[in-house]
1. Which of the peptides 441-448, 316-323, 273-280 is most tightly packed, and how do the rest follow, judged by the mean count of other Cβ atoms within 10 Å per residue?
2. What are the ³J(HN,Hα) couplings of region 447-459, residue after residue, when phi is run through the Karplus curve with 6.51, -1.76, 1.60 and θ = phi - 60°? Round to Hz, x for glycine and proline.
3. For a Förster distance of 45 Å, can you work out the FRET efficiency between the beta-carbons of His103 and Arg367, rounded to the nearest 0.05?
4. Collect residues whose amide H, placed 1.01 Å from N in the peptide plane, falls under 5 Å from the amide H of Ala294; neighbours closer than 5 in sequence don't count.
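Derivation of every value follows stated rules applied to the coordinates shown; laboratory data play no part. Worth saying up front: this structure is predicted, and the values here are computed from it rather than measured. Ideal geometry is used to build each Cβ from the backbone, glycine not excepted, and the neighbour counts take in all protein chains shown.
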Amino acid sequence: MTDQPPMSDQPTNDPLADDRTDAPRTNDQSALRIAPPPFLADAAFAALLAALPDARLVGGAVRDALANRPIADIDLATKLPPTEVMAALQRSGIRAVPTGLAHGTVTAVLDAPGFPPDDPQSGPPAGRLGGGLRDAPPGGRRSVEITTLRRDVATDGRHATVAFTDDWRQDAARRDFTINAMSMTRDGTVHDYFGGVADLRAGVLRFVGDPARRIAEDTLRVLRYFRFFARYAAMPPEPSVRAALQAGIPNLENLSAERVWSELLRILAAPEPGAAVALMVELGILDAVIPEGADPVALARLLAAEAPADPLLRLAGLLTGEVEPFADRLRLSAAERQRLVGLRTTPLAHPEDDDATLRRLLADHDRAALIDRTWLVPTSFPTGIPTGVPNRIPNVVPTAVPTGLAHDLPAPAAEPAWISLRARLARLPRPVFPLEGRDVLALGEPPGPSVGALLRATRAWWLEGGCTGGVEACRAELARALARTDAPGDHAQRGDRA
């Protein structure tokens, strides 16, 4: 057993201070105590902990509390078997859902006014710091997963057979990365068996144990590696990790489409995903995940332009193949598919467009889609980035990119003209054509196909005029259109209205 620095009696507000956790730990020795995350004092959560006195925070909540990041997910672990967890919660009046008893998981549903509602998006968003839960309106209902300590009995790359244990270190040993293998008691005492605190401080993403073995246990860890690399890593992977990631490529096809899509979204949702995507390219993993074709340079341009951290927008810049086969293969939702198609097909406004042109676009297309589209500026448009415009491109462009691109890559969407265009699109009122079918009927036109034809003709006139005609002007044009259709010879085209 290695000697450990004594734990302070007082919590620290500097959880990653350098003088606390230098030696790797292999036994249950607590070398760090931090100020407990504020949500632990919430009445509903305090009641949950009172019902399960031995429970500890585990996984991401501990990691992000230490990193002083917003906490997205709350998970607990306990020595109690799941049936006893259910009974303890029910005795305390807490709703318990048996979400996975065979695997030791019970979900507690808390009515917690101070809690944000559950959020399916993963990973802490950019924004408020402080190790607290995400800001959200009061009155949220929060689900907290509680899992009995486990050890793996057998694994097949996708599923694990587990046995329950009362050994906290055994449970930590089955987790993927050292930064995810820590636990914390309600007083802020951190239990770190594999040096997760030191790795978090150093920006090292390290597997718990042998990387090849951990990936063989669960192939999804290949993609999870890049998700966490994008958020927490400051150092490149060791050769053994690179080799293990590449060795896992053939087994990626055995993962469900939903799990692959979920991890890809989470990678692209990171504040700075460039390093992770570049590493995926370098190791040949991006080709396996997006065989339809991907252009990392296009993504780099988008990041250089400081476009919104929108994973679908970033995917639209990255994906070079057709959307439909990609969406079919990874089983995107209807809304995701529609958005991705829209990012490809929405017309591109240009900085030189006058207000009349922009109004015409706004009349026919969603404002947000038009603004999003301006981030995906083709490379034929750039004229060079003027002095003073950010050209922030991280040193993560893969080696396949021509020399110089990493530092001199233009980001046309960041040019002042495109920034001004987005502001104009956001500012201009969205014009709405003021006539309806009843306006045509009021002029004596009987119901039928001609009603729609007259409206379309009048709307075309309204669009050509820059969408400025009001209701009376449009009614006057409608009357003129109707008069033109009453001219000799027009009945043959419109049909006899008699």
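1. 273-280, 316-323, 441-448
2. x, x, x, 5, 4, x, 5, 5, 5, 5, 5, 5, 5
3. Values: r = 46 Å, r/R0 = 1.01.
Efficiency computed from Cβ-Cβ geometry: 0.50.
4. Result for Ala294 returns Thr320.
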